[in-house]
Structures are given as C-alpha cells and as structure tokens.
Amino acid sequence: MLKLMDADDNKSKRLVSLMKKRGFIQPAFELYGGVAGLYDYGPLGGRLRRNVISKWLNHWISLGNIVEIDSPTITPEPVLKASGHIGAFNDYASECKSCNSIFRTDHLLEGYHNNPDALDNIALDNELLKNKIPCPSCNKSEWLPSEPLNLMFSTIIGANKGGRKAFMRPETAQGMFLQFPSIYRHFRGKLPFGAVQVGKGYRNEISPRQGMIRLREFNMAELEYFIDPEKDINYNLDLWDDVQIKLVPDPGKDELTEKRYTIYNAVKEGVVRDQTVGWFMIKTFELMLELGINNEYIRFRQHEQDEMAHYATDCWDLEIYGSYGWIECVGIANRGCYDLKAHQNVTKSNELKAWRDFENELEIEKYVCSPIQSIVGPRFKEKSKLISDHLEKLDASKINFPFIINIGGEEISIEENMVEIKKVNSIERGEWFTPHVVEPAFGIDRIIWHILEHSFTETSKENDDYYTILKLRNKICPIDFSVYPLFEKDGLDKIALKIIDSIREIDGINVNYDGTKSIGRRYARGDEIGVPYAITIDHQTIDDNTVTLRDRDSQEQKRMSIEELLLFISKY
RNA sequence: GCGAGCGUAGUGUAGCGGUUAUCACCCGGCGUUGCCAACGCCGGAACCCGGGUUCAAAUCCCGGCGCUCGCACCA
C-alpha cells in the first residue's frame, strides 16, 4: 500500500526537476553556489505558498475564537533563556581525537552520571576524563574539549559595541505567549481562545539534508490555544467519526504499531490523553485533506516520554508519507503552563494569568488583627511598619494575648491593647491561574513538499514516456484558469483577452493566457503546473459566444456560454 | 562535522588533456496544421567557484561551495 515514491526513486528526481524548471522551488543563492538548507519559492511556488498559508489561516480563524498576530523574528536573549531554548540549545559535543567522530557529550555520559544535562563544559570534560569514556566508534578515550552545539543564529541588536545579544527565533510560539495580555484583553478574559502566527523560523542545522525537509530558514505556522485545565470543554470530537485515522501510540517498551481509531474513541479510551489535543488532531487532519494531502499517507505518532521536548506533557506528531518516508509535518503538544510560568518567573509579571470564577461564591468570614497605629507607632518607631504588615496577615481567631512575633530575628511581644480584632466578611468569586496551552505547530515547507508529491501524477499518452499532471486542489494551485485561443487569428485571441479581463474582475482568481504552439502542448503545460481548468476559444465562439471548459484530471470538455463560464468561475 | 561519489544550457545528458563542447526535451520568432507535448525553417541558452600542473584543462591536482549516500546531529 505504501508505495508512493520509493517504488520509483527517479520519480522524486523528476519532481525536483519539474519544480526547478517551472519555478516552484529551487535552491537559494544558486548564482553564488547555493547554501545548504536555504530554498527559494519561485513564481509559481510563491503563489502556492501563499495559498497554503491563506487556507491554513482561514481554517483556524473561522473557528471564531482565534486571532492572528505577528511578532519579530529577532528575539532578545533573555526571552529564549526563559523559554528554555538557550539551555536546551546549548548542548555540548565532544570530538574524538583519534577518529574525529562527534557525539553529544551528555549522551556519552549516560550511565556514568545522573544528570549530565545539567553540567557545564568543564564539568563534562572532567567526567569524560574521570570515567575514561570510550569513543563509541573507535573505542579509544581521547577527547578534545567539548564545544557548545548552539543551533540558533545569534546576532546583536544595535550597531554600537554595547548591543544586546539576540537570536533569530527558533519558533514563533514565544510571540503568542508574550502577547498573551493583549490577546486576553481582546477576548475580554474568556477562555478558551487562541492566537496564530505564520512566519519564518531559524535553526542553524549542523548538516541539513533531504531538500525541503530540513531547512535552516523555514516557514512555520503555529497556534497557541489557551485553556483552563480545570474546565471541561465540549469539543465536537465525533466530527470525523466515520474516518478511522492511523495512530501510532507511544508503545513504551513494545514494538511500534499502527492502529486505526476514530479520534472520538482514541480520546475515550485514553490513547489520546488530552481532549483538546484530540480536537486539534481532528481539525488538523481535516486541514490536511483540504490542502490535498492523501489521507492514506497521514498518521499521528505519539512522542515517547524521553523524546518529548522540554516543554511538552503530551505530544502527537502528524506524519506524512512521501519519498523521505514518514516525515513529521505537524506537532500537536500540550505544553501545560510551562511557557507562561517561565516568563512570569523571569519578568515577575502578573499579566500572564487568567481569571477563573468559582462555581459558587465563597463567603469568607475571618478575624484580622488591625494594629492601633497610635500605640504601635510610638512604641516601635522605625520597626512599626514591618510589625503592622506582619500583624495584618495573622488569623486573629487563633490568638491569645500576649504573643510573640519574630521580626528580623528579634522577638517582639504583642499585647492586647496594641491591636483591634476585627471581623471581616469577604466574598471570593474566583481566582487567578496560569492557563495551559495546546500548541499545534506546522512546518509549512514540509507540508508544501508533500502536497506536491501527492499531487504529482505521471501517466502516459501514446508516444510519451511521461505525461505529468500536478493534481493540486482548487484554490491551492498557483493558477486557477488558463485561457487558450485555438489559434491566434480571426479575432480568437482578442476574444480570449476579453474573457480574461472579465475573469480578472472576479476576486481571488488567477488566470493566465497562452497562445503559442499547438493546443495539445498548451494543455500539457497547464496540466504540468496544476491548472485545474482550461478555457478554449474556438471558431464556434465567434458564432454563438460559447467556449469549452476542460477539466485537468478527466481531460473532459464541456461547452458553455461565456455567462455560464463566469458564473462557474465566481462559484469555483 | 567525517568518509565516499558527483557538479556541463531552463531540464535531462554526451565528451574525461587539443572539438566551433554532443544530443534530446525546452524557450522565442515566422510559416503550416487546427482540440490533447504535430511539422518545417531560423534563433536562444552551459563546462560550480578559486588556485595549480601543462604549449594546451570541462577533462589532471589542491582548496572552497553545492548535491547524493553512509556515520554523527535533528532540542
């Protein structure tokens, strides 16, 4: 069943050639020799990318409680330190003096040290030496000093010497977390809500391979969905109840196995631990189908416990099958309250919280000590402020006079005449808490690559080896309609251009004219770049104002009036 | 980062010390045909970059960059 690209290795090569030839995707800076991991989208690819992003945005924004935001790619160091990226990114690597192999230093020390992740480079080198760790490759034990393996691009903000250290963001998520106060205000405090951001992310990969799959600068699209972990939300989990989706749950110690579930059952049986994660799995699955990914080549794989990123508590990857095998294209993670808490801790801000009403108001009756300032003041002088603060926090119902309090190491006796016991009635309606976050994060470039692979169809026509049809979905394809005059004389070309003018008045339609070479060749050119419909102007058009509409995939043609055509296009 | 192989028009390729750098598709113009990559003529377009060896380098050598594959890396 899973014979797509690997059945014919040259097929993916032909796809790459086509992508370059027709201006979808190509290596960037080729004139200067190219840079690994950096790609250009060309005239058609640019359009395709835009369409994919639009579809992605509309899919989420139409849920009604999700907004789009945008934040800078340049990110000051403290932000990424708080988010844990600096720690996680500063892994160290050691090189073997003898055979030049390179290994993660903390991996080498596994089994010798409880928590090698926490050590700095000097401690790591000492551990290597002390334990005489052998090189897994050549078995010798001669290590060069460990070097940090930082996978972020660093830069300096400000042209002068004292500039602030910064990095190109490795994910867009932090933008949503830092904008939480603004988003919270926008939704007037009503959870759940979410924010999305589409933009570039950067990772300075050691050795990017696999074409578009591992890039150094890439398009990512992330959604942060803020929820109250103590409130159940009614999700429409049976939305795709007729579809059995392939899931690969974390097997623990067992073999990886693929099982088919409806998401509804997967959540019910606890295979998917979190219902919000389940909900986004469904909506993500739906989006993939709308983008033109083949549903047989989609599966969700659960992260194993030790594979999970530093922030996640449960994580499912949507993987798509193609010529590189199963590739992670979306990660849906429950990040808990990790990020908001992390930024709270560093900034001491109270703004990264949400308010939760109690179901029933709590009437609280308590007794407080209210210091009588005219006595406490003159008696304790400069210490009286501290003493008053302390007294106000005491539960006065449990007090017997005189009693001793401890202020700055000094014992102070409080007598009955210093305070007044007051009864206070207060009503607690709710509390502040840190919302939890469920994050679906999409690798747009990887998705685009698989859309192209799944669309790429080769048939043969009589004497041709390969007849290529790129079966892109309507509205994802870069060009929606092509208009071909059967030949460029007798006014057919003029009619074609007039029809194009009318089509261009319809919003969001990209139409293209081609008048050169034979009609069959023009159909072929259009099929190759995935134009879903060809409109042909022939002699009959002059007589009765009708044209033919050719369907890309069936090659069938229907004759219709120009009015009917325009109606069809406006509903397309 | 290491090791092996590779890098020639837009694409796919031949040439592997001396060629006007091969062929095909392709692209443009003109003509012809007139609904599924038709034909003819004309035209367009390339040796990854830098250094070296040689009378002579696309070809041999060295370095860089890129690609593919293995090892490592991919939070």
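The table below lists the values:
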item	result
Strands (runs of 3 or more DSSP E) (entirely within the range A:193-275) containing at least 2 residues that are of a type in the set (Asp, Glu) and assigned by TED's automatic domain parsing to the domain that holds residue A:168	A:217-227
Residue check, residue A:496 within 30 Å of residue A:316 (Cα to Cα) and either in contact with an Asp or Glu (Cβ under 7 Å, 6 or more places away or on another chain) or open to solvent by less than 10 Å² (accessible area, probe 1.4 Å) (or both)	no
Members of the range A:392-430 that are within 29 Å of residue A:362 (Cα to Cα) and touching a helix residue (DSSP H, G or I) at 6+ places or on another chain (Cβ under 8 Å)	A:419, A:421, A:422
Selection count, the range A:336-384, where residues are among the β-branched types (Val, Ile, Thr), in a helix (DSSP H, G or I) and surrounded by 15 or more Cβ atoms within 10 Å (Cβ to Cβ)	1
Hits in the range A:538-572 - residues which are part of a loop (DSSP other than H, G, I, E, B), near RNA strand B (Cβ under 8 Å from one of its atoms) and surrounded by 15 or more Cβ atoms within 10 Å (Cβ to Cβ)	A:538
Residue in the range A:47-71 that is nearest to RNA strand B (Cβ to nearest atom), counting only those that are open to solvent by less than 30 Å² (accessible area, probe 1.4 Å) and closer than 15 Å to residue A:477 by Cβ	A:48
Whichever residue in the range A:202-250 is more than 21 Å from residue A:65 (Cα to Cα) and hydroxyl-bearing (Ser, Thr, Tyr) and, among such residues, is modelled with the lowest pLDDT	A:207
Selection count, the range A:516-537, where residues are more than 8 Å from RNA strand B (Cβ to nearest atom) and among the aliphatic types (A, V, I, L, M)	3
The range A:479-493 - residue that is more than 8 Å from RNA strand B (Cβ to nearest atom) and outside any strand (DSSP E or B) and, of those, most open to solvent (accessible area, probe 1.4 Å)	A:490
Residue among A:455, A:460 that alone is among the hydroxyl-bearing types (Ser, Thr, Tyr) and either more than 15 Å from RNA strand B (Cβ to nearest atom) or more than 28 Å from residue A:218 (Cβ to Cβ) (or both)	A:460
Flag for residue A:526 being open to solvent by less than 30 Å² (accessible area, probe 1.4 Å) and assigned to a helix (DSSP H, G or I)	yes
Elements of type strands (runs of 3 or more DSSP E) in the range A:47-137, at least 3 residues being within 28 Å of residue A:442 (Cα to Cα) and at pLDDT 70 or above	A:66-68, A:74-76
Matching residues, the range A:455-478, being open to solvent by 20 Å² or more (accessible area, probe 1.4 Å), of a type in the set (Val, Ile, Thr) and within 23 Å of residue A:42 (Cβ to Cβ)	A:457, A:468
The range A:325-336 residues that are free of Cβ contacts under 8 Å to residues at least 12 places away in the same chain, paired with ones that are open to solvent by 10 Å² or more (accessible area, probe 1.4 Å) (beta carbon under 6 Å, 6 or more apart)	none
Residue satisfying condition, being surrounded by 18 or more Cβ atoms within 10 Å (Cβ to Cβ) and at pLDDT 80 or above, within set A:433, A:442	A:442
Condition met for residue A:508 (part of a helix (DSSP H, G or I), within 39 Å of the chain's Cα centre (by Cα) and more than 8 Å from RNA strand B (Cβ to nearest atom))	no
Verdict on residue A:509 being within 22 Å of residue A:476 (Cβ to Cβ), in the same structural domain as residue A:486 (by TED's automatic domain parsing) and surrounded by 13 or more Cβ atoms within 10 Å (Cβ to Cβ)	yes
Pair list, Cβ under 8 Å, 6 or more apart: the range A:26-40 residue near RNA strand B (Cβ under 7 Å from one of its atoms), other residue among the basic types (Lys, Arg)	A:35/A:216; A:36/A:216; A:37/A:214; A:37/A:216
First in the range A:542-558 and among the hydroxyl-bearing types (Ser, Thr, Tyr), second anywhere and open to solvent by 80 Å² or more (accessible area, probe 1.4 Å), Cβ under 6 Å, 6 or more apart	A:546/A:559; A:548/A:557; A:548/A:559
Any hit, the range A:283-300, residues being closer than 30 Å to residue A:183 by Cβ, modelled with pLDDT of 95 or more, part of a helix (DSSP H, G or I) and hydroxyl-bearing (Ser, Thr, Tyr)	yes
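The values are calculated or read from the model by the stated rules, or taken from the named source; none is laboratory data. From a predicted model like this one, the values you see are computed outputs, not experimental measurements. Because the Cβ atoms are built from the backbone with ideal geometry, glycine has one as well, and the counts that use them run over all protein chains shown. SASA here: full protein model, heavy atoms, side chains in, ligands and nucleic acids out. Shrake-Rupley method; radii C 1.70, N 1.55, O 1.52, S 1.80 Å.
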